[in-house]
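Input: a single structure, listed below in structure tokens.
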Amino acid sequence: DTGVSQDPRHKITKRGQNVTFRCDPISEHNRLYWYRQTLGQGPEFLTYFQNEAQLEKSRLLSDRFSAERPKGSFSTLEIQRTEQGDSAMYLCASSSPGPSYGYTFGSGTRLTVV
Amino acid sequence: AQTVTQSQPEMSVQEAETVTLSCTYDTSESDYYLFWYKQPPSRQMILVIRQEAYKQQNATENRFSVNFQKAAKSFSLKISDSQLGDAAMYFCAEWGSGAGSYQLTFGKGTKLSVIP
């Protein structure tokens, strides 16, 4: 297992366009998380899946954001009608049940909205 | 709501010396975990060390150790024998078990520079 994979690494898009990011977690991890990190800040929680169920969403996740995890494997995060304020690093992480070992993070997808 | 505060935006340390990064947190949970993560430039975030709140003994991982003061809600990271590869952003994070929440709450980070 090569860890948590995210694709693409970088995405530049024009304002108003839709974008979709993919995350492949560690195969034996049933929990998957999306975070957003802006420059000079710590990661902020967006949403959490346990298997295929989306159990928690942050108020940061506006109507333009949607996340899925079909079949409890990979996950996608879609942003519709992107705005310049959406420019950030989008981090995916996965974990086993229980917090003891923390999360394993992916390398992130850096989104730039122009 | 949980909050994590890192009061030092930037720190520097001479190679081979020791540095301590500060973190305070605020939680109403009785059962929680604390973490330090390292994020090198343009690289992924990796776990440095973790501490279970119910354990009184401070966690240690090689050159990294913590000073966990539960009553003061303080969780500092000590890096001994600093190396050039330690240069990175360091984030303190807290996970609480209450209300079914599974999210980590992060501080804003401390940028550590290592001077050769």
Worksheet item: Put a dot 7 Å past each Cα toward the Cβ at residue B:70 and residue B:29; how far apart are the dots in nm?
Response: 1.5
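Which links in B:55/B:78; A:14/A:71; A:11/A:71; B:78/B:108; A:57/B:111; A:71/B:38 stretch past 21 Å when you go from one Cα to the other? Let's see the in-between values first.
Numbers: B:55/B:78 18 Å; A:14/A:71 31 Å; A:11/A:71 26 Å; B:78/B:108 18 Å; A:57/B:111 29 Å; A:71/B:38 31 Å.
Listed pairs above 21 Å: A:14/A:71; A:11/A:71; A:57/B:111; A:71/B:38.
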Fill in: Exercise: per-residue mean of other protein chain Cβ atoms within 10 Å, A:30-40
2
Discussion item. Using a Cα-Cα cut-off of under 16 Å, which aspartates and glutamates could be cross-linked to residue B:70, ignoring same-chain neighbours fewer than 8 residues away?
Written reply: B:26, B:29, B:31, B:52, B:94
Discussion item. Per-residue Cβ counts within 10 Å, from other chains only, averaged over B:31-39: what number is that?
Written reply: 3
Practice prompt. Return the ratio Rg/(2.2 N^0.38 Å) for chain A, where Rg is computed over Cα atoms only.
Written response: 1.00
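If you keep only loop residues by DSSP, which GluC sites (Glu not before Pro) in the stretch A:52-114 have at most 13 other Cβ atoms within 10 Å of their Cβ?
Working: sites: A:52, A:56, A:68, A:78, A:83; in loops: A:52, A:83.
Filter output for the stretch A:52-114: A:83.
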Worksheet item: How big is the Rg/Rh ratio for the protein assembly as shown, C-alpha atoms only, Rh by Kirkwood, two decimals?
Response: 0.97
Worksheet item: Can you list the residues, at least 5 places off or on another chain, whose amide H is less than 5 Å from the amide H of residue A:15, using H built in the peptide plane?
Response: A:114
Worksheet item: Can you list, bin by bin at 10 Å, the percent of alpha carbon pairs in the stretch B:1-68, starting at 0?
Response: 16, 48, 31, 5
Response to the item:
Which residues qualify? For residue B:70, with a placed amide H closer than 5 Å and at least 5 residues away or on another chain, they are none
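Please get the size of the charge dipole for the stretch A:55-114, origin at its Cα centre, with Cβ charges of +1 on Lys and Arg and -1 on Asp and Glu, quoted in debye to the nearest 20. Don't skip to the answer; put the middle values down first.
Numbers: 7 positive and 6 negative charges, 16 e Å.
Here the stretch A:55-114 has a charge dipole of around 80 debye.
A short reminder: the numbers here are calculations on the coordinates, not readings from a lab. This is a predicted model, so every value here is computed, not measured. A quick note on method: Cβ atoms are made from the backbone with ideal geometry, for glycine too, and the neighbour counts reach across all protein chains shown.
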